Structure formats: C-alpha cells, structure tokens
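A.B. asks: Before anything else, here's the structure in question.
Please treat every number below as a calculation from the coordinates, not as lab data. Keep in mind it's a predicted model, so treat the numbers as computed, not measured. Cβ atoms come from the backbone with ideal geometry, glycine included; neighbour counts cover every protein chain shown.
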Amino acid sequence: MRDKSPMAAIAEIPGPKGLPLLGSALDLRRDSLDTLLRARREFGDVVRISAGPPGLRSVMHCVFSAEGAQQVLATQTANFRKDNRLYEEIRLSIGNGLLTSQDADYLRQRRLIQPLFTRRQVDGYAAAVTLEAGSMVGRWRTAGDTVVDVNREMDRFALRTVARILFGADIEAAADVVHDHFPVINAYVLRRGLSPVNPPRSWPLPANRRAEEATRAVYAVCDRIIAERRAAGTTAAADDLLSLLSRASSAEDGSLDAAELRDQLLVFLIAGHETTGTSMTFALHLLSLHPEVQARAQEEVDRLAAGRTPSAADLDRLPYLTRVLKEAMRLYPAAPLIGRRSVEAAEVDGHLIPAGADVLVPPWVIHRHPDLWEDPERFAPERFTPEREAARHHYAWFPFGGGPRACIGQHFAMLESVLALAVLLRAYDLEAVDRDISLMAGVTLQATGTARVRLRARAQAR
Ligand code: HEM
C-alpha cells in the first residue's frame, strides 16, 4: 500500500534525472516545450523536473492532467499564487499591472477594468475590428501583394486593434518598436524564469543590456500614448481603458500613480496583442495548409456576409470558423505555460506538491494529452462541435487559463479573431508558402521567422 506520509508522497513524484550537474537545464533551454512533452510521456501526469547544479538546483512541479489543471487554477486558488519565478521575472520586466498583481491591488484593478470587458461592451468593439481588418485587406490589394507574411501582418493588426479600442490611439508609428522589442523581453523572461541561477539584472551583460533597452523602448511607447492623450485633453470624457485608468489615477484615493498607469497600459498592449496575433497567425497558417477546411469556412462566411461586413451578432453564425480557431489555439496555445507557486503543501491529482513549490500547468502539453485528444497532433476542427466539447473535461482546452485569474480579454480575443478571419477569408483564397513555422516559447508562444501565405483574390470579394 502507498505510504501517505508527506515525505513519502513527495519522493514519489517521478521525473527525469537529467545530467548529473545540470539536471534538465540544457534540455529546458534548448526546447522547453518538447522537454515537457517528453516528461509527460515518460513519467506521467505529475512530474518533477530539476535544473541546475546541486545546491542551486531549482525544481519545477509539472501538472499535465486536466483534473490537476483545474485544481491548481480554479479549486485551490488561495494556495497557488502568482509568486513563482516566471511571474517574478514578468513583474520585473513589465511592472505590476493586472496580469501580475495580487491581493488587494489586484482586486482594485480588476474591479476598475472589468466594465470594459463585459460581453456587451466587447460586442461594441466589433466595428473597430472589422474596420481594421478591412483596411488591412485594402492595403494588401492596393499594394498588389500576392504573398504576405501573416506572422507580421497579424501581429500588427492585433496591435493596432487593441490600441485603437483600449487606448483610443493610432500607434502605427510605434508598432515597429513593440514588434521588434517585445520578443527580446519575452525570451529573456522565460530564460530567467526557467534557469536555476541567474546573474543579477544590474550586471552589464549583453543579455541584460538588450532586455533593458527593449523595456525602455516599450515604456517610451506607453509614455507617448499617455502624453498625447493628456495633451489632447480627451481622457476626461472617453470611456476607453486609458481614460478609465487616468480618471482613477486622479481620484482622491490616488489609486493609480503615473508608473502604475504606464504598467497597466503596457500589460494590455502586450497581453492584448501578441496572444491574439499568434492565434490568428496559426489559424491562417493551418487554413492555408488545409484547403478543404478553408473551403468550408469560406462557404460559411459567404452565406453569412452576402457583401455586408460581419458584426458581433454574426459570431453565432460562424460556428465552423470558430471551431477552426479553437483547434488552432489547441495546437498553438498563445500562453503555452501557466505557472504558480504553492503556499502550503497540497494534493494535486493524487500527488503531494510541497509548500513553496514552483508549479507549471502547461496548456501546450494538456492540449496534446492522448487521454483527452485522439491523434493529438492532427488538425481537426470537428473536435469542437458542441457535443464533443460537452463530453470533454472542462480543462482539456484552456488557452485562456481558468478560475478567477482567467484571461479578462477572452471574449474580445475570440470576437476579434473570428471576425477578422471572416473578413480575410471572404476576400482571399490562401495557400501556404512557408509550410513549416518555427516556434519560440517565451511567456507567450511566437512564430519566429516568416509565415508566408499566397493570396488569390476571390470573385465574390468586394
Ligand atoms: C488568443 C488570445 C489570448 C490568449 C490565448 C490569452 C491567454 C491568457 C491566459 C492563459 C491568461 C491567464 C494567465 C495565468 O493564469 O497565469 C491571461 C490573462 C490575462 N489576459 Fe489574456 N489572452 C489572450 C488575449 C487577451 C486580450 C485580447 C487581452 C486584453 C485586451 C488580454 C489581457 C489579459 C489580462 C489583463 C490578463 C490577466 C487577467 C487577470 O489576472 O485578472 N488577453 N490571458
């Protein structure tokens, strides 16, 4: 019989030995996603991975089951906090906005910001989304583009859209700055978050310097947005994120100071564009590789649109396209690793996670778990019919996280992506030029290099 004493249970969590001195540090650094997939295959649903030399070794407790993910993210939330190394690194790089804050700070921020993300409010953003998508298509057409890099284009589209909706700003000029510098921060944070030992950020090392420069550059973008809005004097009346936060910052309780305002803006700029851009990039890539899926999605769009721009009310009439997007987000979850730290020892999926442990709940692995998904690497949008969704564990698919800290932007992201994909598919047939895309897993998943697609204007496009 299994000994249930805490020490015995801890010792029972299996995991790879890795190299004698480094544990799994090199594997994690080389390919963190694949290392995690292998760990599940070889050791099961709760696995301990250690990295670094003895004495400085860091240990990650990985939870790979849907049941376990639910326990960590939704059931035992007081015990699993955003105090882990990855979140500490995110905080140090991009400040203490809604994504990273906790406790009273967090509750105050969430209460303040939540009204911008009610379903009704988000539905009101649809017109801005289709306007941006329409102008992107117009730009491609005017330029006579026949091959576009959807990685760059979707990233830009998502950035422009979130900036317009949440900050009332046109940040075309700053888009290159964010596009070029954010990946540096992303990779730096993940590398430090997963490394057993890190040199202090203040040391004049090339990696530190590059990351500091990148942070300075994206902070400057936020400062500029804030300054321009203040100069225009429009923050008092408008009801976008920036106005809401500015009004709060000038309220008597002084609830947000200038630095907090900037941190908040940066979080939304980053969390609100990179993730959606990645999801759309992969959805378009997969559509361009699967002509039969594309044709079916186009039929649905054509039936609906009949020449008119799709609106929020049309989302329910695009169930197949929604399934395509969900399947793309299953295979390429934009937040591939979700992390927490335990306060006290707690049982998760039949294993005892010790107090103070770094816990990783990776959608990347759970979205490919063979007990939950048949033939997991295959692209198959029919996995998301309502019947099949209802039959699956709620945490088999959780690209937006779960529990009280689930993504505040999830309805917005779905609306934005489905409507924009509808606009693009109505205008063009897509054919993949880059059949393989390389990936980088940072705090978010990113396609590195190009994801080129050949466009053919469709007859019914107008
Ligand atoms: C496909 C698109 C997106 C994906 C996959 C995604 C994913 C996630 C995930 C997994 C979390 C939870 C992280 C955790 O529990 O540690 C999260 C939180 C968050 N997301 Fe998103 N996100 C997306 C789009 C957006 C958009 C469009 C916005 C804003 C406009 C946004 C803003 C945020 C914020 C502020 C949080 C923190 C919420 C809180 O803790 O209360 N995200 N997102």
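A.B. asks: Please give, to one decimal in nm, the separation of the simple spin-label points placed at Arg38 and Glu67, each 7 Å out from Cα toward the Cβ.
C.D. replies: Using points 7 Å along Cα→Cβ, the separation is 2.8 nm.
A.B. asks: Further question on the same structure: Using only Cα atoms, tell me the angle between helix 319-331 and the longest principal axis of the chain; keep it within 0 to 90° and round to the nearest 10.
C.D. replies: 40
A.B. asks: Computed on alpha carbon atoms, what radius of gyration and Dmax characterise the range 59-120, expressed in Å?
C.D. replies: Cα radius of gyration and Dmax of the range 59-120 are 14.0, 44 Å respectively.
A.B. asks: So what's the angle, to the nearest 10 degrees on a 0 to 90 scale, between helix 172-194 and the longest Cα principal axis of the chain?
C.D. replies: Computed tilt is about 10 degrees.
A.B. asks: Under a point-charge model restricted to the Cβ atoms of Lys and Arg (+1) and Asp and Glu (-1), what is the dipole moment magnitude of the chain relative to its Cα centre, in debye to the nearest 20?
C.D. replies: Charge dipole, the chain, about its Cα centre: 300 debye, nearest 20.
A.B. asks: Next question. On full extension of the chain, what length is gained from Arg209 through Arg224, given 0.36 nm per residue of separation minus the C-alpha to C-alpha distance?
C.D. replies: Extra length from Arg209 to Arg224 when fully extended: 3.2 nm.
A.B. asks: Just to verify a number: FRET efficiency for Arg57 and Arg435, C-beta to C-beta distance, R0 = 56 Å, to 0.05?
C.D. replies: Working from the Cβ atoms, E equals 0.90.
A.B. asks: Next up: Between Ala128 and Arg29, what is the label-to-label distance in nm when each label sits 7 Å out along the Cα-to-Cβ direction?
C.D. replies: 4.3
A.B. asks: Let me know the charge dipole size of the range 298-405 about its Cα centre in debye, to the nearest 20, where only the beta-carbon of Lys, Arg (+1) and Asp, Glu (-1) is charged.
C.D. replies: The dipole magnitude comes to about 320 debye.
A.B. asks: Which of Thr146, Val177, Pro196 sits farthest toward the positive end of the charge dipole of the range 129-205, with +1 on the Cβ of Lys and Arg and -1 on the Cβ of Asp and Glu?
C.D. replies: Farthest towards the positive end: Pro196.
A.B. asks: While we're looking at this one, here's another question. Using alpha-carbon positions, what is the distance between the centroids of the range 168-227 and the range 277-316, in Å?
C.D. replies: One Cα centre to the other: 34 Å.
A.B. asks: Further, regarding this structure: Scale the Cα Rg of the range 379-462 by the rule-of-thumb value 2.2 N^0.38 Å and send over the ratio, two decimals.
C.D. replies: Rg over 2.2 N^0.38 Å, computed on Cα atoms: 1.39.
A.B. asks: In deg cm²/dmol and to the nearest 500, what is the mean residue ellipticity at 222 nm of the chain if only DSSP H runs of at least 4 residues count, each as -39500 (n - 2.57), divided by the residue total?
C.D. replies: -16000 deg cm²/dmol
A.B. asks: Turning to a different aspect of this structure: Rule-of-thumb check for the chain: C-alpha Rg over 2.2 N^0.38 Å?
C.D. replies: 0.99
A.B. asks: Continuing with this model, one more query. Relative contact order of the chain: what whole-number percent is it, with Cα pairs under 8 angstrom and at least 6 residues apart?
C.D. replies: Taking the mean separation of contacting Cα pairs over the length of the chain, I get 25 percent.
A.B. asks: Moving on. Restricted to Cα positions, what overall size does the range 316-462 have along the principal axes? Three whole-Å values, descending.
C.D. replies: If we take the Cα atoms of the range 316-462, the spans are 62, 37, 31 Å.
A.B. asks: A follow-up question, please. Could you please rank His394, His61, His181, placing first whichever residue has the fewest other Cβ atoms within 10 Å of its Cβ?
C.D. replies: Going from sparsest to densest Cβ surroundings: His394, His181, His61.
A.B. asks: For the range 270-306, list residues with backbone N below 18 Å from a point placed 7 Å from the Cα of Thr450 toward its Cβ?
C.D. replies: Under 18 Å, as judged by backbone N against the label point of Thr450, lie 281-282, 284-286, 288-289 of the range 270-306.
A.B. asks: Length gain on complete extension for the stretch Ala232 to Asp83, per 0.36 nm per residue less the alpha carbon to alpha carbon distance?
C.D. replies: Here the answer is 49.7 nm.
A.B. asks: Shifting gears a bit: Taking the alpha-carbon centroid of each part, what is the distance from the range 334-404 to the range 57-109 in angstrom?
C.D. replies: One Cα centre to the other: 15 Å.
A.B. asks: Additional query: Roughly speaking, what is the stretch gain from Glu389 to Arg303, that is 0.36 nm per residue apart minus the C-alpha to C-alpha distance, in nm to one decimal?
C.D. replies: 28.5 nm
A.B. asks: Here's another thing I want to ask about it. Rounded to whole Hz and in sequence order, give me ³J(HN,Hα) for the range 293-298 from the Karplus expression 6.51 cos²θ - 1.76 cosθ + 1.60, θ = phi - 60°, writing x for Gly and Pro.
C.D. replies: So the Karplus estimates, Gly and Pro as x, are 5, 4, 4, 5, 5, 5 Hz.
A.B. asks: As an exercise, use a Förster radius of 25 Å and the Cβ-Cβ distance of Ala258 and Leu92 to find the FRET efficiency, rounded to the nearest 0.05.
C.D. replies: E(calc), rounded to 0.05, equals 0.85.
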